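Notes to accompany the following structure.
Read-outs throughout are calculated quantities, based only on the coordinates presented, and are distinct from any laboratory measurement. Model, not experiment: these values are computed from the prediction. In this analysis, Cβ positions are derived from the backbone assuming ideal geometry, glycine residues included, and neighbour counts consider all displayed protein chains.
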Amino acid sequence: MQTLVSQLTTTFVDDAIELVKGFGKIIVHIATAPIERIASACDVGGVLARRQSARRLRAMMKAHRPRSPWQRSLSPFASLHYLT
């Protein structure tokens, strides 16, 4: 049985980790927003929109399969891989 102190500590640490992840996502979004705007302005043929819709479809199909944290990229610009 866990003690109340260890349960509170675990909950606090988990919440702190999620808070840091949330701030990280906000910072990455702010940093990559100008790049996204330039990319969408330069996308004359609609290639990026098709790639994004295909990626969303693949993500929905993979949604039932759990992913480990090691499979995710640690790069803050990993979401911009389709620009290369």
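Which residues, counting only those in region 17-62, are of a type in the set (S, T, N, Q) and free of Cβ contacts under 8 Å to residues at least 12 places away in the same chain?
Of the residues in region 17-62, the ones of a type in the set (S, T, N, Q) are 32, 40, 52-53.
Passing the criteria: Ser40, Ser53.
Let's see how each residue does on (1) in contact with a helix residue (DSSP H, G or I) (Cβ under 9 Å, 6 or more places away or on another chain); (2) part of a helix (DSSP H, G or I); (3) surrounded by 10 or more Cβ atoms within 10 Å (Cβ to Cβ):
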position: Leu8; (1), (2), (3): no, yes, yes
position: Phe12; (1), (2), (3): no, yes, yes
position: Ala16; (1), (2), (3): no, yes, yes
position: Lys25; (1), (2), (3): no, yes, yes
position: Arg37; (1), (2), (3): no, yes, yes
position: Ala41; (1), (2), (3): no, yes, no
position: Ala49; (1), (2), (3): yes, yes, yes
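Quick one: would you say Asp14 is without any contact (Cβ under 8 Å) to a residue 12 or more places away in the chain and under 19 Å from Leu83 (Cβ atoms)? Quick ask: steps written out before the conclusion?
On the way: without any contact (Cβ under 8 Å) to a residue 12 or more places away in the chain: yes; under 19 Å from Leu83 (Cβ atoms): no.
No.
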